[in-house]
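Comments concern the structure below.
The values are calculated or read from the model by the stated rules, or taken from the named source; none is laboratory data. All values derive from a computational prediction rather than experimental measurement. Note: ideal-geometry Cβ built from the backbone for every residue, glycine included; neighbour counts use all protein chains shown.
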Amino acid sequence: MNKTSRIYVAGHGGLVGSAIWRRLEAGGYAGLIGRRSRELDLTRQSEVEAFFRVEKPEYVFLAAAKVGGILANKTYPAEFIYRNLMIQSNIIHCSYLNGVKKLLFLGSSCIYPKFAPQPMKEEYLLTGELETTNEPYAVAKIAGIKMCQSYNRQYGTNYISVMPTNLYGPNDNFDLETSHVLPALIRKFHEGKLRMEQVKVKADFPQPKPEPQPGSSSVVLWGTGKPRREFLYIDDLADACVYLMEHYDGSEIVNMGVGEDISIAELAELVRDVTGFQGDIVYDSSKPDGTPRKLLDVSRLRSLGWQARTSLREGITKTYDWYRKNRGQG
């Protein structure tokens, strides 16, 4: 890519796409192209074909996707497999038809088997059964990988695929029904902190008939807290994507992560500390844990010359600051 290349960031309004957009702008790339979902429905082939004919992008970051946590995947499995298959198929095929020079496809660490050896290497793909709670999403992402590899093999395209670990950061989804674990924790602890502050105000200035506040001093989390997860700050992910677009050409998938993991219970304690919540944490073990552990082997990425720079505490602090300013109401 050069500074005047026409670069299409699919999904530029989302967590991943907006971070890639910021990174490209900071790098001096002037030919950025983006469309909101209300302007371009990526599940409709005819609209995507017309867009590519008119805009003629030279490079594509395929960051558009329907994403969510365990609850969302369990509730909307048909939407997860349909929308992701349609979005990526339309963009990849139209990129081929319109001579796109290079495309980067963003997959997910959930493509790996539920009980894959840890840390998970790229070659573990399709060596075992998937985690059932997000299988439709994982199947769609695996199809995207195979589509990129197949187009490279048959048509000589240059489509690369990267597999990021759990992502978080500014512009994340904090909806408790559809969010991933870390933004959900930030919201739950922040709201728990606000509840406790309200209770304290009522205690300091009692009303004639104060209303009871059940659970005001506790936050309930799904599962046992035992599963272990790896987290990559979104600006680091964006930097890695731009780096690979400039330095990597190959059909082999590349894991993106930090190479370290943490239990959900340890993560909860860290988020509680950052947010300043002083209540109790209650685990609802009747709810699913998901995959026991997901840690990526990032040796391939490091051998290509890139590694993450943002610590988990630093990233959570930046994300919480953004949330308070934009969503937190306090």
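Summary of values
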item: Residue in the stretch 290-311 that is in contact (Cβ under 8 Å) with a residue 60 or more places away in the chain, among the aromatic types (F, W, Y) and not in a strand (DSSP E or B) present; result: yes
item: Hits in the stretch 124-141 (condition: in a loop (DSSP other than H, G, I, E, B) and surrounded by 18 or more Cβ atoms within 10 Å (Cβ to Cβ)); result: L125, L130, E131
item: Restricting the stretch 60-101 to residues that are hydroxyl-bearing (S, T, Y) and either touching a Gly at 6+ places or on another chain (Cβ under 9 Å) or at pLDDT below 95 (or both), the residue that is farthest from P183 (Cα to Cα); result: S89
item: Looking only at the stretch 291-313, and only at residues there that are within 18 Å of M120 (Cα to Cα) and polar (S, T, N, Q), the one that is surrounded by the most Cβ atoms within 10 Å (Cβ to Cβ); result: T291
item: Residues of the stretch 36-69 classified as touching a strand residue (DSSP E or B) at 6+ places or on another chain (Cβ under 8 Å) and within 30 Å of A184 (Cβ to Cβ), total; result: 6
item: Which listed residue is modelled with pLDDT of 95 or more, surrounded by 14 or more Cβ atoms within 10 Å (Cβ to Cβ) and in a strand (DSSP E or B), from L244, L221, L232, L237; result: L232
item: Residues (surrounded by 14 or more Cβ atoms within 10 Å (Cβ to Cβ) and among the aliphatic types (A, V, I, L, M)) located in the stretch 31-64; result: L32, I33, L40, L42, V48, V60, L62, A63, A64
item: Single condition F115 does not satisfy, out of (1) of a type in the set (A, V, I, L, M, F, W, C); (2) surrounded by 18 or more Cβ atoms within 10 Å (Cβ to Cβ); (3) in contact with a Pro (Cβ under 9 Å, 6 or more places away or on another chain); result: (2)
item: Test: residue in the stretch 254-266 that is in contact (Cβ under 8 Å) with a residue 60 or more places away in the chain and over 19 Å from the mean Cα position of the chain (by Cα); result: no
item: Conditions (1) without any contact (Cβ under 8 Å) to a residue 12 or more places away in the chain; (2) over 25 Å from D235 (Cα atoms): number failed by A26; result: (2)
